[in-house]
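Step one of this worksheet: look at the structure below.
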Amino acid sequence: MFTDKVVLITGASSGIGAACALHFAKCSATLSLVGRNLDNLTKIGTQCEKLSHLKPLLIVADLTSESDIEKIVTETVSKYNKIDILINNAGINCVSGTIASAEAYDRVMATNLRGTYLLTTQVTPYLVKSKGNIVNISSILSNKPLPIMTPYCMSKAAIDMLTKCTALQLGPKGVRVNAVNPGPVKTELFRRAGMSYADCDKMFVVIEMNSPLKKIIKGEDVAELVMFLASDKASCINGSCYVIDCGLMLGDAGNL
Ligand SMILES: NC(=O)c1ccc[n+]([C@@H]2O[C@H](COP(=O)([O-])OP(=O)(O)OC[C@H]3O[C@@H](n4cnc5c(N)ncnc54)[C@H](OP(=O)(O)O)[C@@H]3O)[C@@H](O)[C@H]2O)c1
């Protein structure tokens, strides 16, 4: 389905981004994988190569750096001459009992929003040439306030709006833009945001109990949806934000 398609994935060294990389590799995509941790990026790159027999381009880059963002685009285009699909996945969270500090706010916004915005801007001319598409990884928290993660919720609400504005702007040029809004997935995100292993485990037990389907989504489930939106099967879908959360956002069913 993705033979000869160049797919650029940020945050491919861990969690949902790594799951996306492996899924696209299974479908023979040509991959450009971005992350900060070279060891993890190399591990995922090797697994992708086993699946597709194509060696992915690995780019160590920090999305908070404008020169790194330029490097992502330059290295991808010099190697492959084009970009067909951009998966804006890299992101961080911050968990705080009080109103988050300005430093935490800046850190979350710099990666989740500014980095995504700037990379999108730089990749857009290549997507216009290839009539490609973008999938942004947002969150159910774009639409559900959670005060212990205020900057994160704000950043994801902005990602939904970025999705809609760019979809409207680029649609006439043949470029689709959509978002996937996952519920909680067991990745490194919450631990890196300051939660302990024990608290993460407890949180996921409660989430599973409250989920109408009594289960938690996995990175692979998100990757399936991302691949669908990035494929020609979704050729009429533009500017949509797709929730994938086992029904968690529906709330409880009361005493029915
Ligand atoms: N896990 C969830 O419950 C959940 C739910 C909804 C949405 N999401 C979203 O899914 C996306 C992926 O998160 P995840 O859960 O897979 O978390 P994760 O396991 O922590 O992975 C985050 C990825 O983003 C990369 N990254 C972070 N900051 C970066 C920066 N400044 N520059 C470049 N790369 C950076 C990390 O790279 P390194 O590891 O190499 O540093 C890593 O590959 C995020 O946008 C997150 O908001 C997650």
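The values are calculated or read from the model by the stated rules, or taken from the named source; none is laboratory data. Computed from a predicted model, the values in this text were never measured in an experiment. So basically every Cβ, Gly included, is an ideal-geometry build from the backbone, and we count neighbours across all protein chains shown. All accessible areas refer to the heavy atoms of the entire protein, side chains included, with ligands and DNA or RNA removed. Shrake-Rupley method; radii C 1.70, N 1.55, O 1.52, S 1.80 Å.
Residue by residue through the range 79-104, note down the ones that are within 15 Å of the ligand (Cβ to nearest atom), open to solvent by 40 Å² or more (accessible area, probe 1.4 Å) and part of a helix (DSSP H, G or I).
Glu103
Identify the residue in the range 154-193 that is over 30 Å from Lys129 (Cα atoms) and in a helix (DSSP H, G or I) and, among all such residues, is nearest to the ligand (Cβ to nearest atom).
Checked the range 154-193; the qualifying residue nearest to the ligand (Cβ to nearest atom) is Leu189.
Quick one: Gly254 ticks every box in (1) open to solvent by less than 40 Å² (accessible area, probe 1.4 Å); (2) not aliphatic (A, V, I, L, M); (3) not in a helix (DSSP H, G or I) bar one, so which box is it?
(1)
Under 6 Å between Cβ atoms, at least 6 apart or on separate chains: pull out the pairs that start in the range 173-193 with a residue that is farther than 18 Å from Ala19 by Cα and among the polar types (S, T, N, Q) and end on any residue that is at pLDDT 95 or above and open to solvent by less than 10 Å² (accessible area, probe 1.4 Å).
Asn178/Val135; Asn178/Leu229
Test Ser13 against the stated conditions and say whether it is surrounded by 15 or more Cβ atoms within 10 Å (Cβ to Cβ), under 30 Å from Asp199 (Cα atoms) and without any contact (Cβ under 8 Å) to a residue 60 or more places away in the chain. Can you show your working first?
Details: surrounded by 15 or more Cβ atoms within 10 Å (Cβ to Cβ): yes; under 30 Å from Asp199 (Cα atoms): yes; without any contact (Cβ under 8 Å) to a residue 60 or more places away in the chain: yes.
Here the answer is yes, as Ser13 does meet what is asked.
For the range 170-193, how many residues are within 17 Å of Ile217 (Cα to Cα) and not aromatic (Phe, Trp, Tyr)?
Restricting attention to the range 170-193, the residues satisfying the condition of being within 17 Å of Ile217 (Cα to Cα) are 179-190.
Keeping just the survivors that are not aromatic (Phe, Trp, Tyr) gives 179-189.
Residues meeting the conditions: 11.
Would you be able to say whether some residue in the range 24-34 is open to solvent by 10 Å² or more (accessible area, probe 1.4 Å), within 16 Å of the ligand (Cβ to nearest atom) and not acidic (Asp, Glu)?
no
Condition first: of a type in the set (Ser, Thr, Tyr) and either surrounded by 14 or more Cβ atoms within 10 Å (Cβ to Cβ) or under 18 Å from Thr187 (Cβ atoms) (or both). Now tell me which residues in the range 68-78 satisfy that.
Within the range 68-78, the subset of a type in the set (Ser, Thr, Tyr) is 74, 76, 78.
If the condition is that a residue be of a type in the set (Ser, Thr, Tyr) and either surrounded by 14 or more Cβ atoms within 10 Å (Cβ to Cβ) or under 18 Å from Thr187 (Cβ atoms) (or both), then Thr76 is the only one that fits.
For the range 3-40, which positions are assigned to a helix (DSSP H, G or I) and out of contact with any Cys (no Cβ under 7 Å at 6 or more places or on another chain)?
Gly15, Ile16, Gly17, Ala18, Ala19, Cys20, His23, Phe24, Lys26, Leu38, Asp39, Asn40
Among the residues of the range 180-202, write down those that are in contact with a helix residue (DSSP H, G or I) (Cβ under 9 Å, 6 or more places away or on another chain) and of a type in the set (Asp, Glu).
Hits for the range 180-202 are Glu188, Asp199.
Would you tally the residues in the range 41-67 being outside any helix (DSSP H, G or I), surrounded by fewer than 20 Cβ atoms within 10 Å (Cβ to Cβ) and more than 10 Å from the ligand (Cβ to nearest atom)? Break it down into steps so the answer makes sense when it comes.
From the range 41-67, those outside any helix (DSSP H, G or I) are 53-65; that's our starting set.
In the following step, the residues that additionally are surrounded by fewer than 20 Cβ atoms within 10 Å (Cβ to Cβ) were identified as 53-55, 57, 60, 62, 64-65.
Checking which are more than 10 Å from the ligand (Cβ to nearest atom) leaves us with 53-55, 57.
Here the count works out to 4.
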